[in-house]
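To keep things clear, I will list the structure first and then write my remarks on it.
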Amino acid sequence: MSKYFFLVLIFIFQSCNSLDGELHNFRDYSLLNSKGESITLLEGANPATLELNSSRLFTLNLDQHTFNFTIPKDVKLPRENGELSLTAQQTSQDYGVYARLVTHIIRGEELVGRETCTWIERYHHCDEQGNCRVLYRSREGIKDVIFYDEIHQKNVVLNLRFDDTHESIAQFSGVKKIIKKVYRYESTCY
């Protein structure tokens, strides 16, 4: 079982902790909400949010209902690419989960520019009695930079399915883009 899917889920969820997408229900079925009530979900597509609450729990939020899915301790979550397969017993729902995480990393062009920055200035301060000491203060400045943007596009597909036949009854799909600035050069702040 790959670590990547749930690590990606963790990464996705820890950076805002949620992934917006759409849940396609292929038929009517029921899930237990966070209060333990059985809620019937109707066939069709609806906006939904997938949230990773911890390394042991994720939720599917739909129409003001929250549905919890447990993750066993022995299951490692994927980080960037991978699959996850859980049985109904493991999820604490009537359906198992099969999920796939695919990450594409796109490197932008290298850019040269200037950015604002803060630096610490050391100075001497003497009081009226002639007692002097060293103090520090923050100063605003600029720095020269060379950088590129790294775009991490994470595609998550999660299927709710029967354990015995692996027939999917619903599919959540969502995409999240995370942009990281990668510095190749940074001058000192001046």
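Read-outs throughout are calculated quantities, based only on the coordinates presented, and are distinct from any laboratory measurement. Quick caveat, the model's predicted, so the values are computed rather than measured. When we count neighbours, we look across all protein chains shown, and the Cβ atoms used for this are built from the backbone with ideal geometry, even at glycine.
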Inset, instruction - Scale the Cα Rg of region 121-177 by the rule-of-thumb value 2.2 N^0.38 Å and send over the ratio, two decimals. - result: 2.92
Inset, instruction - Quick one, can you get me the convex hull of the C-alpha atoms of region 21-130 expressed as volume per residue in Å³? - result: 289 Å³
Legend entry - Degrees, to the nearest 10: 4-14 long Cα axis against longest axis of the chain: 60 degrees
Legend entry - Modelled FRET efficiency - R0 35 Å, residue 146 with residue 124, Cβ distances, 0.05 increments: 0.45
Inset, instruction - Mind jotting down the distance between the C-alpha centroids of region 139-177 and region 41-88, whole Å? - result: 14 Å
Inset, instruction - Treating only the Cβ atoms of Lys and Arg (+1) and Asp and Glu (-1) as charged, compute the dipole magnitude of region 16-101 about its Cα centre; round to the nearest 20 debye. - result: 380 debye
Inset, instruction - Tell me the Kirkwood hydrodynamic radius of the chain in angstroms, computed as one over the mean inverse distance between distinct C-alpha pairs. - result: 19.6 Å
Inset, instruction - Using every Cα-Cα pair within region 93-190, state what percent have a distance larger than 24 Å. - result: 59 percent
Inset, instruction - Principal axes first, then extents: for the Cα atoms of region 78-124, list largest minus smallest coordinate on each axis, whole Å, largest first. - result: 68, 35, 12
Inset, instruction - Sum -39500 (n - 2.57) across every DSSP H segment of at least 4 residues in the chain, then divide by the residue count to get the 222 nm mean residue ellipticity, nearest 500. - result: -2000 deg cm²/dmol
Inset, instruction - Using packing as a proxy for protection, rank 129-139, 69-79 so that the peptide with the highest average count of other Cβ atoms within 10 Å comes first. - result: 69-79, 129-139
Inset, instruction - Give me the number: length gained by fully extending residue 105 to residue 132, i.e. 0.36 nm times residue separation minus the C-alpha to C-alpha distance, one decimal in nm. - result: 4.3 nm
Legend entry - Sum of side-chain charges, residue 21 neighbourhood, beta-carbon under 12 Å (Lys, Arg +1; Asp, Glu -1): -1
